[in-house]
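Colleague: Questions regarding the structure given below will be posed in turn.
The values are calculated or read from the model by the stated rules, or taken from the named source; none is laboratory data. These figures come from a predicted structure and were not determined experimentally. Glycine also receives a Cβ, built like all others from the backbone with ideal geometry; neighbour counts cover every protein chain displayed.
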Amino acid sequence: MSANIQVITPKYVTLTITSVANMFGTERRFEKDLTIAQLKGKIELLSGASSSTMKLIVYNKDRKMICALDNDDALLGSYPVENDMTVHIENSGLHKGEFEDVSKVEKFEISQEQYDKRTDSVRAFKERNKIGRFNEEELAIREAQRKKREEEERQKTESIKVGDRCEVRIVEQPTKRGVVKYVGLTDFKPGHWIGVQYDEPHGKNDGSVNGKQYFECPNKYGAFVKPQFVEVGDFPEEDFGLGDDEM
């Protein structure tokens, strides 16, 4: 008893085309019934390389050479090419990095007046759909929320003064104890900040940021924390159980 067996392979194969001018590659899908001459013609349009001089070498994912597409009359599907393989163009007449140096690309420039008149720009789209800064209602809500946060921070700082013992309680971080060394505004970020000298070297600085000294403490003992994460109170330094005869 005999049976008819048919082997059906995909009609298309996805390949990455590379050359000395473009080592990053361009991914394209090709029909397997293309002749190699036809494939070279399509690659010429993609790469700018000359189909009359190009030599095509196939590599697998491990950069191991599989074969050369060396018969212009043969079909692509007659070679052992599979999805995600790379076809590298050799003898292309291109130069290394020819299409990677963006300094050689002529920039498109437009005046502000011309840009304002365009209806197909990103800004025009946002204006039509009231997105981001073009949504006055959303902007008003954000501004109100910002002012509320600032007022809450300001009120919280009024209950904190330099010299207070404190605990810093930040979500998903261990609680750390220390002493308040600075209260107020800073140059590095807007809003109110509390400068803390921790009891242990769990900080990020020595009380200075970007070259400006806000308070002094040993390096890695200092940190700046938003007021909402600072609680002042009777928080003595923790005793880790080390006696005089222990080191």
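Colleague: Could you list, in sequence order, the residues of the stretch 121-167 that are of a type in the set (Gly, Ala, Ser), within 27 Å of the chain's Cα centre (by Cα) and outside any loop (DSSP other than H, G, I, E, B)?
Modeller: So in the stretch 121-167, the residues of a type in the set (Gly, Ala, Ser) come out as 121, 124, 132, 140, 144, 159, 163.
This time we only want the ones that are within 27 Å of the chain's Cα centre (by Cα), so: 121, 124, 132.
Within the stretch 121-167, Ala124, Gly132 meet the criteria.
Colleague: Within the stretch 73-85, is there a residue that is part of a strand (DSSP E or B) and either modelled with pLDDT of 90 or more or over 30 Å from Ser121 (Cβ atoms) (or both)? Lay out the reasoning, then the answer.
Modeller: Applying the first criterion (part of a strand (DSSP E or B)) to the stretch 73-85 yields 75, 85.
Those left that are additionally either modelled with pLDDT of 90 or more or over 30 Å from Ser121 (Cβ atoms) (or both): 75, 85.
Yes, there is a match, as at least one residue in the stretch 73-85 is part of a strand (DSSP E or B) and either modelled with pLDDT of 90 or more or over 30 Å from Ser121 (Cβ atoms) (or both).
Colleague: Could you list all residues from the stretch 171-193 that are closer than 18 Å to Val209 by Cβ and under 31 Å from the mean Cα position of the chain (by Cα)?
Modeller: Result: Leu185, Thr186, Asp187, Phe188, Lys189, Pro190, Gly191, His192, Trp193.
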